[in-house]
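A short write-up of the structure that comes next.
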Amino acid sequence: TTSWMAIGQENAFTWIERDIGIAFGEWDMPTVDRKTFMSSRPGVFFGGDAAWGPENIIWAVAHGHQAAISIDAFCNGRDLDTRPGPGVNLASQKMGIHEWSYSNDYDPLSRVAVPHAELVASLKNLKMEVELGYDDQLAAKEAERCLNCDVQTVFTRSLCIECDACMDICPVDCINFTENDDEADLRRELRVPAMNKSQDLYVSDVLPTGRIMAKDEDVCLHCGLCAERCPTGAWDMQKFMYVEAQVTPAVLHHHNAYLV
Ligand code: SF4
Ligand code: SF4
């Protein structure tokens, strides 16, 4: 296997002969299969900016993983369309009754302004650095604004006694105990209508009173107040962890060991 690493300002494939079976399409980019990362010439793979134009480094690394899976399958004569899944995990962050492994304090702080050098001094000396950056205290304050999107609210239906306490305490009213309905109607009928349709609703199975729990994930602050208030532990705050698909289950298991 030969791999080329390309660093530059823009894609240019003048070095690839046009009669070797690699098709080029829009913007003179190679035609690459979105799933397998293989070009129209079997055994030649593309990823990163070279596949579909500029994306960020995170996507480039993910492409590398997926292309490696394809290359391994190709070299071993396996079907490239049969893809291993990623490793995912949910782990409770509960440390005590009202204590979590992450800072969950709900505080609607505004962005902390970056301190600037004194105006008169910086105008006198144009070489002076104007943005001074955060000191430790300001950095910690700014970090508190993190919404902890990796920490999920996980609902266990069998533990819920339908006391509605979590619904009362949620600062953004995103928890609902209500009659089930068609999705479009349910979205409208929630205490705060869930109008961002690209975000799935979190809906439980039917509870003993015939209601369901429906939660609009789009506005949840991950503050954990619902889990703190719940008398039965029906809500838990669990960290979602993800490991990109690996070539073999053994490699995935190795990575997963670090996630638990
Ligand atoms: S984590 Fe906070 S914002 Fe999210 S559902 Fe629970 S109480 Fe509401
Ligand atoms: S606080 Fe707990 S038991 Fe009460 S309704 Fe909410 S999830 Fe159910």
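Residue by residue, here is whether (1) within 11 Å of ligand 1 (Cβ to nearest atom); (2) not β-branched (Val, Ile, Thr) holds:
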| residue | (1), (2) |
| --- | --- |
| ALA143 | no, yes |
| ILE161 | no, no |
| LEU186 | no, yes |
| SER198 | no, yes |
| VAL219 | yes, no |
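Quick check: is even one residue across the range 141-157 open to solvent by less than 80 Å² (accessible area, probe 1.4 Å), farther than 21 Å from GLN93 by Cα and away from ligand 2 (no atom under 16 Å from the Cβ)?
Yes, the range 141-157 contains a residue that is open to solvent by less than 80 Å² (accessible area, probe 1.4 Å), farther than 21 Å from GLN93 by Cα and away from ligand 2 (no atom under 16 Å from the Cβ).
Only one residue in VAL130, VAL112, VAL120 is more than 13 Å from ligand 2 (Cβ to nearest atom) and in contact with a strand residue (DSSP E or B) (Cβ under 9 Å, 6 or more places away or on another chain). Which one? I'd like the intermediate steps shown before the answer.
Values: VAL112 fails: in contact with a strand residue (DSSP E or B) (Cβ under 9 Å, 6 or more places away or on another chain); VAL120 fails: in contact with a strand residue (DSSP E or B) (Cβ under 9 Å, 6 or more places away or on another chain).
Criteria check complete, one pass: VAL130.
Just need a number here: residues in the range 169-181 that are within 14 Å of ligand 1 (Cβ to nearest atom) and over 30 Å from ARG111 (Cβ atoms).
The initial filter retains those residues of the range 169-181 that are within 14 Å of ligand 1 (Cβ to nearest atom), namely 169-177.
Next, from what is left, pick out any that are over 30 Å from ARG111 (Cβ atoms): 176-177.
Residues meeting the conditions: 2.
Failed condition for HIS98, given (1) farther than 14 Å from LEU225 by Cβ; (2) touching a residue at least 24 places away in the same chain (Cβ under 8 Å), with all others met?
Only one criterion is unmet by HIS98, namely (1).
Give just the number: which of (1) under 21 Å from TYR242 (Cβ atoms); (2) open to solvent by less than 80 Å² (accessible area, probe 1.4 Å); (3) hydrophobic (A, V, I, L, M, F, W, C) does VAL88 not satisfy?
Result: VAL88 passes all but (2).
Go through LEU119, LEU80 for me and flag whichever is farther than 23 Å from CYS230 by Cα and in contact (Cβ under 8 Å) with a residue 24 or more places away in the chain.
Values: LEU119 fails: in contact (Cβ under 8 Å) with a residue 24 or more places away in the chain.
One residue alone meets the criteria, LEU80.
Go through (1) crowded, with 16+ Cβ neighbours inside 10 Å; (2) within 16 Å of ligand 1 (Cβ to nearest atom); (3) modelled with pLDDT under 95 one by one and return the number of the condition ASN256 breaks.
Every listed condition holds for ASN256 apart from (2).
Residue by residue, here is whether (1) open to solvent by 80 Å² or more (accessible area, probe 1.4 Å); (2) assigned to a loop (DSSP other than H, G, I, E, B); (3) without any contact (Cβ under 8 Å) to a residue 60 or more places away in the chain holds:
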site	(1), (2), (3)
TYR106	yes, yes, no
LEU109	no, yes, yes
VAL112	no, yes, yes
LEU126	yes, yes, yes
GLU129	yes, yes, yes
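From the list ARG188, ARG229, which residue is in contact (Cβ under 8 Å) with a residue 24 or more places away in the chain and among the basic types (Lys, Arg)? Write out each step before concluding.
On the way: ARG188 fails: in contact (Cβ under 8 Å) with a residue 24 or more places away in the chain.
Residue meeting the stated conditions: ARG229.
Would you confirm whether or not the range 2-25 contains a residue that is open to solvent by less than 40 Å² (accessible area, probe 1.4 Å) and among the polar types (S, T, N, Q)?
No: zero hits.
Determine whether the range 203-212 contains at least one residue that is within 28 Å of ASN89 (Cα to Cα) and over 27 Å from the mean Cα position of the chain (by Cα).
Pass one, the range 203-212, residues within 28 Å of ASN89 (Cα to Cα): 203-207, 212.
Now restrict to residues that are over 27 Å from the mean Cα position of the chain (by Cα): 206-207.
Yes, that holds for at least one residue.
Hey, among the residues in the range 60-81 that are part of a loop (DSSP other than H, G, I, E, B) and closer than 27 Å to ASP49 by Cβ, which one's least open to solvent (accessible area, probe 1.4 Å)? Let's see the steps before the verdict.
Residues of the range 60-81 part of a loop (DSSP other than H, G, I, E, B): 76-81.
Subset that is closer than 27 Å to ASP49 by Cβ: 80-81.
Numbers: LEU80: 21, ASP81: 81 Å².
Of everything passing the filter in the range 60-81, LEU80 is least open to solvent (accessible area, probe 1.4 Å).
For VAL172, indicate whether it is over 28 Å from the mean Cα position of the chain (by Cα) and either surrounded by 11 or more Cβ atoms within 10 Å (Cβ to Cβ) or away from ligand 2 (no atom under 16 Å from the Cβ) (or both). Step through it out loud before you land on a result.
Details: over 28 Å from the mean Cα position of the chain (by Cα): no; either surrounded by 11 or more Cβ atoms within 10 Å (Cβ to Cβ) or away from ligand 2 (no atom under 16 Å from the Cβ) (or both): yes.
Criteria not met by VAL172.
Scan the range 224-253 for residues that are near ligand 1 (Cβ under 8 Å from one of its atoms) and within 14 Å of SER92 (Cα to Cα) and jot them down.
Matches in the range 224-253: GLY224, ALA227, TRP235, MET237.
The values are calculated or read from the model by the stated rules, or taken from the named source; none is laboratory data. Source: prediction; values computed, not measured. We place every Cβ from the backbone using ideal geometry, glycine too, and count neighbours over all the protein chains shown. With ligands, DNA and RNA removed, areas are computed over all heavy atoms of the protein, side chains included. Shrake-Rupley method; radii C 1.70, N 1.55, O 1.52, S 1.80 Å.
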